[in-house]
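Data block below; observations after.
The values are calculated or read from the model by the stated rules, or taken from the named source; none is laboratory data. Given the structure is predicted, the values throughout are model-derived calculations rather than measurements. Cβ coordinates were reconstructed from backbone atoms using ideal geometry, including for glycine residues, and neighbour counts include every protein chain displayed. The area values use the complete protein model at the heavy-atom level, side chains included, leaving out ligands, DNA and RNA. Shrake-Rupley method; radii C 1.70, N 1.55, O 1.52, S 1.80 Å.
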Amino acid sequence: MMPVEPSMNPASSHVQEGLDSDSGLGGAPLPEREALLRAILETSPDGLITIDEGGLIQSFNPAAERMFGYHPAEVIGRNVACLMPSPYREGHDGYMERYLRTGEKRIIGIGREVLGQRKDGTIFPLELAVGEVGAERRRLFAGFVKDVSARQQAQQRLQELQSELIHVSRLSAMGEMASALAHELNQPLTAIINYAQTARGLVERRPESGPAGLPSLLEKTVQQASRAGQIIRRLRQFIAKGETERTLEDVNAVVDEASALALVGTAGRGIAARRVLERGLPPVLLDKIQIHQVITNLVRNSVDALEGAELREIVISTRRAGQDRVEIAVADSGPGLVPEVAGRLFQPFVTTKPGGLGIGLSICRSIVDAHGGRLWASDNPDGGAIFHVSLPLAAAPGD
């Protein structure tokens, strides 16, 4: 590597001044100070690149050499734009000219994440902090760069693991609902078979004319097939894995669909479920599948809580909460919150179910938090518990 000569480099001279004034080395011999400065520059874990007013590289320390893959001799004297991918490369000189002319800071003295380009063409993310260096004859700029590829990869992996955990939670909930779904699907499918067999018998007995009851039987067959199809479609959406996106949704429609799926198979358990949905609610920007998961989980928890209760009632409601939020509530008439776990309800692996994983409410809170909302529980004044989900309304255009 080409050595950096502190005594000949204005950027290094500026650092030298700092050493003289702040480190107590003002009385040290010049060679000693230069050796210390050289050691700092050469052993720094961050890349240090200095440029002049024209954007030409003046120094390039070993960390920058390792980061970008260039030998200092290959870049010193070249425009620093050679370390940037398009379109930043083409716009760099304009940014520099604007700063020198107006003093408006975009990166200088601020710092931000940008993209760099290595000698082999690889584009990678880096943190860049730029400071202006005072010199007698010209202005110089010192850029400190840090490769953050590993950090971004770790963040991406964490997001992938969170997505996997959410999917596992959906599959777990689906396992608990499997028997109820099988029973619920069996009803419309059995009805379809019965209606179809009756219609066929009527046609066989009176082939010369259309039986008067045939259109009605066929209509009922279609209705039952549609009912079975809706159950299957909701199920497939609920357990779907893959990329999801946030869209503007009618929160009442989302609550209605999710609660219908969650209440599958409860008709024979003596549970009275009703929806109280406030009309005219503004749309909410949300990931429909994930909010389905939250509502379904909360309603199924309420269903489980009513096991053995004398009064079995669930109320699922929506309302406007202030100017900028909508609230979804799931209230039940069960035994209420267990005191010893009430304060830890949303922590992972905390459950009151004998066969529960204890991750449902934890994941629900993570989903709601990611939407900028809030999930909490309270005692039901009429007995039982209420789980509340507060979500922000979609911002109006121009907000």
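Can you name the number of the only condition in (1) more than 15 Å from Pro392 (Cα to Cα); (2) among the hydroxyl-bearing types (Ser, Thr, Tyr); (3) modelled with pLDDT of 75 or more that Thr351 fails?
It fails just one condition, (3).
Within the stretch 65-80, how many residues are surrounded by 17 or more Cβ atoms within 10 Å (Cβ to Cβ) and either of a type in the set (A, V, I, L, M) or closer than 14 Å to Leu128 by Cβ (or both)? Break it down into steps so the answer makes sense when it comes.
Here is the first cut: in the stretch 65-80, the ones surrounded by 17 or more Cβ atoms within 10 Å (Cβ to Cβ) are 65, 67-68, 70, 72, 75-76, 79-80.
Imposing the further condition that a residue be either of a type in the set (A, V, I, L, M) or closer than 14 Å to Leu128 by Cβ (or both) reduces the set to 67-68, 75-76, 80.
The number of residues fulfilling the criteria is 5.
For residues that are at pLDDT below 65 and more than 22 Å from Glu257 (Cα to Cα), tally how many sit in the stretch 207-237.
So the answer is 6.
Do we find a residue being open to solvent by less than 60 Å² (accessible area, probe 1.4 Å), of a type outside the set (A, V, I, L, M, F, W, C) and in contact with a Ser or Thr (Cβ under 6 Å, 6 or more places away or on another chain) anywhere in the stretch 41-57? Working first, answer last.
Just the residues of the stretch 41-57 that are open to solvent by less than 60 Å² (accessible area, probe 1.4 Å), to begin with: 41, 44, 46-52, 54-55, 57.
After this cut, where a residue has to be of a type outside the set (A, V, I, L, M, F, W, C) as well, the list is 44, 46-47, 50, 52, 54-55.
Filter again for in contact with a Ser or Thr (Cβ under 6 Å, 6 or more places away or on another chain), leaving 50.
The answer is yes, given that some residue of the stretch 41-57 is open to solvent by less than 60 Å² (accessible area, probe 1.4 Å), of a type outside the set (A, V, I, L, M, F, W, C) and in contact with a Ser or Thr (Cβ under 6 Å, 6 or more places away or on another chain).
Among residues belonging to the stretch 23-34 that are open to solvent by less than 50 Å² (accessible area, probe 1.4 Å) and either part of a helix (DSSP H, G or I) or at pLDDT 70 or above (or both), point out the one that is farthest from Arg118 (Cα to Cα). Outline the logic, then answer.
Residues of the stretch 23-34 that are open to solvent by less than 50 Å² (accessible area, probe 1.4 Å), as a first pass: 25-26, 28, 33-34.
Of the ones still in play, those that are also either part of a helix (DSSP H, G or I) or at pLDDT 70 or above (or both) are 33-34.
Details: Arg33: 33, Glu34: 30 Å.
Checked the stretch 23-34; the qualifying residue farthest from Arg118 (Cα to Cα) is Arg33.
Is it the case that some residue within the stretch 185-197 is part of a helix (DSSP H, G or I), at pLDDT 65 or above and in contact with a strand residue (DSSP E or B) (Cβ under 9 Å, 6 or more places away or on another chain)? Before the answer, list the steps.
Looking only at the stretch 185-197, we keep the residues that are part of a helix (DSSP H, G or I), and these are 185-197.
Now restrict to residues that are at pLDDT 65 or above: 185, 188-197.
Next cut, in contact with a strand residue (DSSP E or B) (Cβ under 9 Å, 6 or more places away or on another chain) only: none.
For the stretch 185-197, residues part of a helix (DSSP H, G or I), at pLDDT 65 or above and in contact with a strand residue (DSSP E or B) (Cβ under 9 Å, 6 or more places away or on another chain): absent.
With the structure loaded, tell me whether Leu277 is aliphatic (A, V, I, L, M), closer than 17 Å to Leu248 by Cα and within 32 Å of the chain's Cα centre (by Cα) or whether it fails that test. Give the derivation first.
Numbers: aliphatic (A, V, I, L, M): yes; closer than 17 Å to Leu248 by Cα: no; within 32 Å of the chain's Cα centre (by Cα): yes.
No: the conditions fail for Leu277.
Given the structure, is Ile363 modelled with pLDDT under 80, among the β-branched types (Val, Ile, Thr), in a helix (DSSP H, G or I) and open to solvent by less than 40 Å² (accessible area, probe 1.4 Å)? Let's see the steps before the verdict.
Details: modelled with pLDDT under 80: yes; among the β-branched types (Val, Ile, Thr): yes; in a helix (DSSP H, G or I): yes; open to solvent by less than 40 Å² (accessible area, probe 1.4 Å): yes.
Yes.
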